[in-house]
Amino acid sequence: MKMPAGTTIFIGLAIGAVVVAVVGGLIVLGPPSEERARRLDERRVADLRGITRAVDLYWTRHGRLPSSLGDLGSESGVSLSARDPGTAQAYELRVLDAATYELCASFARTSADARDSAGRAQDVSEDFWSHGVGRRCFRLDAQEVPARERRQR
């Protein structure tokens, strides 16, 4: 059975449109591996922020910094991700002095390449958590958690 000429042209155009859409998507969004790397880096920053909140709560409760991430995990009301979502390696917490510490993680992309959920570039140059590719340590000072926030945690 022979198809009408118009049907053949329509099928050809439809296939062409699908190919153009896929190629265009890869150009605009980048390959899936880049999207995965971006999401993992976002998760790393979220994890570090959570660890910072947990350290502040520990500091408030005990008057000192925790000696390890394990100390934070045993605190009541604290739930945190202490391992890198891509490598399963533990994040690094180093106490520098009585109230100052470092949190370290390894990143796949520079934060200048970060994009928001709509795919638009974000201006993170002034962001404390901005980072380059590779291992980055953030120096932080423990902060007292206000009483109203202590009850929420």
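The values are calculated or read from the model by the stated rules, or taken from the named source; none is laboratory data. Only a predicted model underlies this, so the values are computations on that prediction, with no experimental measurement involved. So basically every Cβ, Gly included, is an ideal-geometry build from the backbone, and we count neighbours across all protein chains shown.
In the set ALA88, ALA82, which member is under 24 Å from LEU40 (Cβ atoms), assigned by TED's automatic domain parsing to the domain that holds ARG36 and out of contact with any Leu (no Cβ under 9 Å at 6 or more places or on another chain)? None of the other options fit; the residue is ALA88. Residue pairs whose Cβ atoms lie under 6 Å apart, sitting 6 or more positions apart in sequence or on different chains, and linking a residue in the stretch 128-139 that is under 19 Å from THR87 (Cα atoms) and surrounded by 11 or more Cβ atoms within 10 Å (Cβ to Cβ) to a partner that is of a type in the set (S, T, N, Q) and modelled with pLDDT of 90 or more, are GLY132/THR110; VAL133/THR110; ARG135/SER106. Within the option set LEU93, LEU57, LEU72, being in contact with a helix residue (DSSP H, G or I) (Cβ under 8 Å, 6 or more places away or on another chain), assigned to a strand (DSSP E or B) and either of a type outside the set (D, E, K, R) or modelled with pLDDT under 90 (or both) holds for one residue only, LEU93.
At pLDDT 90 or above, under 17 Å from the mean Cα position of the chain (by Cα) and either surrounded by 14 or more Cβ atoms within 10 Å (Cβ to Cβ) or part of a loop (DSSP other than H, G, I, E, B) (or both), is that true of ALA46? Spell out the reasoning first.
Working: at pLDDT 90 or above: yes; under 17 Å from the mean Cα position of the chain (by Cα): yes; either surrounded by 14 or more Cβ atoms within 10 Å (Cβ to Cβ) or part of a loop (DSSP other than H, G, I, E, B) (or both): no.
Taking the combined requirement at face value, the residue does not satisfy it.
Of all residues in the stretch 54-70, those being of a type in the set (D, E, K, R) and surrounded by fewer than 17 Cβ atoms within 10 Å (Cβ to Cβ) number 2. Somewhere in the stretch 105-113, is a residue of a type in the set (Asp, Glu) and at pLDDT below 95? Yes; the residues of the stretch 105-113 include at least one that is of a type in the set (Asp, Glu) and at pLDDT below 95.
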